[in-house]
């Protein structure tokens with residue numbers, strides 16, 4: 001049976017999660033298939049070429065470029081140290097001699113007798129790729145990276161900022177509708193992943209940064225506060241590389257929006273357990289969702305523990321969130337999926353569904369105006 005595509009978020013107690021951990025350049029993989037890894041464990045490493053810093057030696061020594069070879073004391077490929085002579089222009093009178101010194105540590109990349117420029121290549125930049133998840137290495141891609149797999153609870157968010165991090169879960173609000181305010185941020189939350197309710201305030205987020213909280217998972221965020229945090233507007237580019245120490249995952253959307261009861265209860269059930277979170281978000285083609293992964297305590301047989309990944313499609317009983325006015329943000333269950341096209345208020349025709357919201361009210365909405373909460 002065919003299903004119309006319906007965008008959705010996964011919120012599930014058990015899922016087989018696989019992550020490719022790949023180096024930007026070929027390098028060395030330091031683990032093997034079957035190894036159990038922790039989030040902060042390095043699985044692969046390499047070195048990026050150092051930055052190139054040009055130095056106009058001919059100009060500094062007052063020479064024509066073609067005479068550069070006569071004064072160079074370092075050749076192409078030679079190692080250099082900052083402050084070490086690269087070229088020396090000698091004179092019969094000692095005090096009139098002049099020296100051009102290296103400005104970085106590294107090596108001489110090239111010497112141009114046309115421009116008089118010497119290119120200095122900085123020292124290689126070490127790059128390490130960490131496991132991110134607590135799980136098992138199920139595949140090794142030679143010289144490139146690995147696939148890390150774990151079974152655990154999984155929650156996708158709507159939007160996030162900040163990169164990969166991990167910490168134990170701590171519930172910060174008494175329920176899913178309480179605002180995560182500054183007074184709820186406590187010193188004992190340092191290095192934790194805290195869970196809030198309907199909104200995180202600007203003051204609370206700033207206090208979380210100072211406290212050393214590793215991550216916040218909450219229902220909503222004011223977009224004005226987001227601009228204040230970052231100092232600029234978020235465009236269509238991917239997030240996740242912001243220079244902040246606290247990763248933020250928004251599960252419902254912008255504004256004060258209660259975290260879905262199912263999401264809040266799932267996180268609450270795992271309080272005290274380790275969670276791995278990533279705020280990286282991309283809303284254009286190649287959608288990337290922020291996520292919370294709570295690895296199961298035992299990862300002995302990850303292949304046998306996971307449920308089927310088959311996509312079931314929208315059907316009666318599916319949990320959905322309305323993403324358009326006038327029911328924006330409301331959660332409910334699909335009660336019926338009429339097949340015929342129905343006329344909307346705009347006079348256009350579209351396929352619709354009937355939904356019963358959590359408060360017991362019912363409505364008919366276009367199918368394009370909902371997203372499915374996949375469980």
Could you pull out the residue among 184, 180, 209 that is in the same structural domain as residue 254 (by TED's automatic domain parsing) and either under 21 Å from the mean Cα position of the chain (by Cα) or in contact (Cβ under 8 Å) with a residue 40 or more places away in the chain (or both)?
209
Mind checking which pairs have a first residue in the range 137-148 that is at positive phi and a second that is surrounded by 18 or more Cβ atoms within 10 Å (Cβ to Cβ) and outside any strand (DSSP E or B), Cβ under 6 Å, 6 or more apart or different chains?
145/23
Single residue of 197, 272, 220 found to be out of contact with any helix residue (DSSP H, G or I) (no Cβ under 9 Å at 6 or more places or on another chain), modelled with pLDDT of 85 or more, closer than 23 Å to residue 170 by Cβ and assigned to a loop (DSSP other than H, G, I, E, B):
272
Conditions (1) surrounded by 14 or more Cβ atoms within 10 Å (Cβ to Cβ); (2) closer than 23 Å to residue 166 by Cβ; number of the one not met by residue 255:
(2)
All but one of (1) modelled with pLDDT of 85 or more; (2) part of a strand (DSSP E or B) hold for residue 338; state the number of the condition that does not hold.
(2)
Tell me which residues, restricted to the range 96-114, are assigned to a loop (DSSP other than H, G, I, E, B) and over 41 Å from the mean Cα position of the chain (by Cα).
97, 112, 113, 114
Residues to consider are 195, 140, 118, 127; find the one that is touching a strand residue (DSSP E or B) at 6+ places or on another chain (Cβ under 6 Å) and under 26 Å from residue 253 (Cβ atoms).
195
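The rows are residues; the columns are (1) loosely packed, with under 14 Cβ neighbours inside 10 Å; (2) more than 28 Å from residue 47 (Cα to Cα).
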position: 72; (1), (2): no, yes
position: 83; (1), (2): yes, no
position: 91; (1), (2): yes, yes
position: 99; (1), (2): no, yes
position: 108; (1), (2): no, no
position: 116; (1), (2): no, yes
position: 124; (1), (2): yes, no
position: 128; (1), (2): yes, no
Please work out if residue 242 is under 22 Å from residue 275 (Cα atoms), touching a strand residue (DSSP E or B) at 6+ places or on another chain (Cβ under 9 Å) and in a helix (DSSP H, G or I).
no
Lone qualifier among 227, 206 - being out of contact with any strand residue (DSSP E or B) (no Cβ under 7 Å at 6 or more places or on another chain) and closer than 25 Å to residue 328 by Cα:
227
Note on residue 45: of the conditions (1) part of a loop (DSSP other than H, G, I, E, B); (2) within 20 Å of the chain's Cα centre (by Cα), unmet is (1)
Check the range 214-234 and report whether any residue there is within 21 Å of residue 373 (Cβ to Cβ), surrounded by fewer than 17 Cβ atoms within 10 Å (Cβ to Cβ) and under 15 Å from the mean Cα position of the chain (by Cα).
no
Quick one: in the range 77-95, which of the residues that are touching a strand residue (DSSP E or B) at 6+ places or on another chain (Cβ under 9 Å) and outside any loop (DSSP other than H, G, I, E, B) is modelled with the lowest pLDDT?
89
If a residue must be over 23 Å from residue 297 (Cα atoms) and outside any strand (DSSP E or B), how many such residues does the range 115-153 contain?
7
Out of curiosity, is residue 308 modelled with pLDDT of 90 or more, assigned to a loop (DSSP other than H, G, I, E, B) and more than 24 Å from residue 357 (Cα to Cα)?
no
It is to be established whether one or more residues within the range 341-363 are surrounded by 16 or more Cβ atoms within 10 Å (Cβ to Cβ), modelled with pLDDT under 85 and part of a strand (DSSP E or B).
no
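The values are calculated or read from the model by the stated rules, or taken from the named source; none is laboratory data. What you are looking at is a predicted structure, and each value in this text was computed from that prediction instead of being measured. Neighbour counts are summed over all protein chains in view; Cβ atoms, including those assigned to glycine, are modelled from backbone coordinates with ideal geometry.
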